[in-house]
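Presented below is the structure to which this report refers.
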Amino acid sequence: MVSVLWYKGCEMMSIEKVSKELFLEILEVLDQKLEENRLELTLNLYGGTVMMACFDARPATRDIDALFETSPLIDNILADIAETYDLHKDWINQDIKEPLKYLKQENLNEIYAFKNLRVLAPSAEQMLAMKILSARTEPYRDFSDAEYLIKYLKLETLEQVLSIFDKYIGRKNLGDRQKMFLNYVGKDLRMSWKEFSV
């Protein structure tokens, strides 16, 4: 999706969201640049990028949440890609580091393999646990993503959902916000879940 931004009468193009097709193209370019510089890189994807790339749950994502080993050369390559595709300077970021501190374990699978680039993503179960932990309101997509993943995993009871949350995050991290979040998810999915009293 391309939006036209205006600055003091000058027209400037800026890509507001990255589609799956564009993302795959960017990964190919990244792999080529890594090969040119004799570098190898592994990207661990999270958030909306996983919902787009692995589950086709949305057509595009605003930015790429990922963990990766960085260096001045890697930073320059990513900056070059941002310039080439008119992406925001923070088109790929590692803000996910903070939520990942709560994970008891990870379940990552390789989703793309290039010559010098590997791309990994969490399982649907891990993604669901992380979405419940985040439990953010609109404009974030945690609510719709959690619903999508519950249906994708064919979960029918609250206990099944809580079991997954406990496996990856731990019930001690199920606070009032997460309980309210699950109450709303259950109502919206018309599940006969016993509601948490918050």
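The values are calculated or read from the model by the stated rules, or taken from the named source; none is laboratory data. What you see is a predicted model; the values in this text were computed from it and never measured. Because the Cβ atoms are built from the backbone with ideal geometry, glycine has one as well, and the counts that use them run over all protein chains shown.
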Next on the checklist: So, Asn44, is that one within 11 Å of the chain's Cα centre (by Cα) and of a type outside the set (A, V, I, L, M, F, W, C) or not?
Outcome noted: yes
Item to check | Cross-chain or 6+ apart pairs with Cβ under 9 Å, region 101-120 first and within 16 Å of Asn173 (Cα to Cα), then among the β-branched types (Val, Ile, Thr) | outcome: Tyr102/Ile169; Leu103/Ile169; Lys104/Ile169
Next on the checklist: Condition (residue is surrounded by 16 or more Cβ atoms within 10 Å (Cβ to Cβ), free of Cβ contacts under 8 Å to residues at least 60 places away in the same chain, part of a helix (DSSP H, G or I) and within 18 Å of the chain's Cα centre (by Cα)) applied to region 148-162: is it met by at least one residue?
Outcome noted: yes
Checklist outcome for this item: Arg62 vs (1) over 30 Å from Tyr168 (Cβ atoms); (2) modelled with pLDDT under 95: all pass except (1)
Checklist entry - Are any residues in region 146-165 of a type outside the set (A, V, I, L, M) and more than 11 Å from Met130 (Cα to Cα), and if so, which ones? => result Glu147, Tyr148, Lys151, Tyr152, Lys154, Glu156, Thr157, Glu159, Gln160, Ser163
